[in-house]
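Please read the structure below before turning to the comments.
The values are calculated or read from the model by the stated rules, or taken from the named source; none is laboratory data. What you see is a predicted model; the values in this text were computed from it and never measured. Don't worry about glycine lacking a Cβ; one is built from the backbone with ideal geometry, like all the others, and counts go over all protein chains shown. To get the accessible areas, we keep the full protein, side chains included, count just its heavy atoms, and leave off ligands, DNA and RNA. Shrake-Rupley method; radii C 1.70, N 1.55, O 1.52, S 1.80 Å.
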Amino acid sequence: MYASREDIGYDFGDDSKVRSKPIKPNPNIDGGWAWMIVLSSFFVHILIMGSQMALGTLNMEWLEEFNQSRGLTAWVSSLSMGITLIVGPFIGLFISMCGCRTTAIIGGILNALGWILSASASNVHYLFLTFGVTAGIGSGMVYLPAVVMVGQYFQKRRALAQGLSTTGTGFGAFLMTALLKYLCTEFGWRNAMFIQGAISLNLCVCGALMRPLSPKDLRQKCVVRSDSEENRAKALSHSTETIKSNGVLGEEPEKKEEAANEVLGSVQHTEIGGKSGSGRSMYGLRLFKTVSQLTITVRKGFALWYSSYFGAASLFTNRVFMAFIIWALFAYSSFVIPFIHLPEIVKQYNLSRQDNVFPLTSIIAIVHIFGKVILGIISDLPCISTWNVFLIANFTLVTCILTLPVMQTYVGLAVVCALIGFSSGYFSLMPVVTEDLVGTKHLANAYGIIICANGISALFGPPFAGWIYDITQKYDFSFYIAGLLYMVGIIFLLIQPCMQKKQPREKSIEEAQV
């Protein structure tokens, strides 16, 4: 069963040079500032994902204020959650050009602006634009860098680090729900959103903590990984042949960058030699140098982003990664649907009294925190494959989704909800699995695609479940259909790695015969 991208024989060229000399590792990899990155990502998950999971409080206020249908009003929350994830591929372009720190700071400002502008909403459609779109895009610009930076700073304990940082979602669900309820009660929902917008400015602080690693440190990380994995030489030779035949991913931009650097060097030389000239000429030279450097950065970032999606070594040529995208299209809705529709199920089964004492959604959120940490620790064990843990957790979750409608007692529902919360802890393993597939260099673009697929799932999953209920007057079929679609995605994950392994073997046999 697949464990890493080397087993598949697929590489994107991020590990292009393996040096024979011993390399002194960066102390910030797996330690030092890396834990500040985890702390930053933890607070990002509290402020972004935690706030989105607490939007039920504001949704009730919007229903009373605007007197619109539940379906129309619910689209405000769905747009915010969906757009946060759907914009992932485009945020990958920003990261390639500006870096994670700058992208996150801009996103924090945009998210806060969305909350503040929503405080003066006159109708639901106004909220679509200010909260759904503006705050949603800002959230996406902070969320993706928070995940990518943890992947860059950790090698040996990636799964644990991602698990710890993403537990902020569970903590945030409790903290933000209590905070928004208090603010709405004391100050009204408009002032509550204004205050929440001010609090969201702390996302800029989280972004400022995302200190970028130098290219040298990233190469060292890749070399350390390559020395510790089996069959590395074969994978490198295979990737070298692939890159030679298809064209190196960053060869052309590097040539252009070298030429541009020569121009900048000549400009700088002219600037130094012409100090006796007029101040206006010096200012023009400095301006030209700044614009040229910015142009180089933008072109290089765009070239990396474009080649990742549409170039010769495109991410979409990796069949296992394509299976991963198909899985993501069905997976996230299976986690979101219980959060949205469990209160109605509890009401139908006359279990409201027990649920008021300890809500089933709270059980999912609490156990979800422990699931992320425990699955992360297990995945980091030397004898355990992250991919196998990921698949087992998926099988457990889909089994719970299919059996949940059968449970009609509070105890039965509580047990299933606890299993849903624990098994859905595999979300912390998604960045690790993605990095194993495509490498650190392409993690931002690849994970952007994955969360975009998750966003589509989150955007349409709950409304689809509600539409099924309107037809059948039961939630049973909603869970059955969601579970079956989820199972289709898991089957794709099982089939494609086996096919990808088989192809290089067949190719080597044909070459031997020739």
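A single entry from Leu381, Leu419, Leu429, Leu397 fulfils the requirement of being open to solvent by 10 Å² or more (accessible area, probe 1.4 Å), closer than 21 Å to Thr169 by Cα and of a type outside the set (Ser, Thr, Tyr): Leu419.
Among the residues of region 494-512, is any of a type in the set (A, V, I, L, M, F, W, C), at pLDDT 75 or above, part of a helix (DSSP H, G or I) and not assigned by the TED database to the domain that holds Leu72? Scanning region 494-512, I find at least one residue that is of a type in the set (A, V, I, L, M, F, W, C), at pLDDT 75 or above, part of a helix (DSSP H, G or I) and not assigned by the TED database to the domain that holds Leu72, so the answer is yes. Condition check for Ser333 on (1) within 17 Å of the chain's Cα centre (by Cα); (2) outside any helix (DSSP H, G or I); (3) of a type in the set (S, T, N, Q): one failure, at (2).
Being touching a Phe, Trp or Tyr at 6+ places or on another chain (Cβ under 9 Å) and in a helix (DSSP H, G or I) is a property that holds for Ile401.
Would you be able to say whether some residue in region 377-386 is under 21 Å from Tyr332 (Cβ atoms), at pLDDT 85 or above and either assigned to a loop (DSSP other than H, G, I, E, B) or not assigned by the TED database to the domain that holds Met53 (or both)? Yes, because at least one residue in region 377-386 is under 21 Å from Tyr332 (Cβ atoms), at pLDDT 85 or above and either assigned to a loop (DSSP other than H, G, I, E, B) or not assigned by the TED database to the domain that holds Met53 (or both).
So, in region 96-112, how many residues would count as being farther than 19 Å from Phe43 by Cβ and part of a helix (DSSP H, G or I)? So the count comes out to 3.
Against the criterion of being within 17 Å of Ser78 (Cα to Cα) and either open to solvent by 20 Å² or more (accessible area, probe 1.4 Å) or at pLDDT 75 or above (or both), Phe370 does not qualify. Among the candidates Gln68, Gln52, the residue that is of a type outside the set (Asp, Glu), over 19 Å from Asn454 (Cβ atoms) and touching a residue at least 40 places away in the same chain (Cβ under 8 Å) is uniquely Gln68. Taking region 32-94 as the region of interest, the helices (runs of 4 or more DSSP H) fully inside it that hold 2 or more residues being at pLDDT below 85, surrounded by fewer than 21 Cβ atoms within 10 Å (Cβ to Cβ) and not hydroxyl-bearing (Ser, Thr, Tyr) are 56-66, 70-86. Selection over region 182-195 of residues that are open to solvent by 10 Å² or more (accessible area, probe 1.4 Å), within 28 Å of the chain's Cα centre (by Cα) and not aromatic (Phe, Trp, Tyr) gives a count of 1.
Would you say Val432 is within 14 Å of the chain's Cα centre (by Cα) and either part of a helix (DSSP H, G or I) or of a type in the set (Ser, Thr, Tyr) (or both)?
Here the answer is yes, as Val432 does meet what is asked.
Of all residues in region 346-364, those satisfying the criterion of being assigned to a helix (DSSP H, G or I) and open to solvent by 10 Å² or more (accessible area, probe 1.4 Å) are Lys347, Gln348, Ser352, Arg353, Gln354, Asp355, Asn356, Val357, Thr361, Ser362, Ile363.
Condition test on Leu175, is it in contact (Cβ under 8 Å) with a residue 24 or more places away in the chain and in contact with a Leu (Cβ under 8 Å, 6 or more places away or on another chain)? In short, no. The condition of being touching a residue at least 60 places away in the same chain (Cβ under 8 Å) and farther than 23 Å from Tyr153 by Cβ holds for only one of Leu375, Leu413, that being Leu413. Just checking, does region 326-342 include any residue being polar (S, T, N, Q) and modelled with pLDDT under 75? Scanning region 326-342 turns up at least one residue that is polar (S, T, N, Q) and modelled with pLDDT under 75.
Could you please give the count of residues in region 97-139 that are aliphatic (A, V, I, L, M), open to solvent by less than 10 Å² (accessible area, probe 1.4 Å) and either within 10 Å of Gly197 (Cα to Cα) or in contact with a Phe, Trp or Tyr (Cβ under 6 Å, 6 or more places away or on another chain) (or both)?
Residues that pass the stated criteria total 3.
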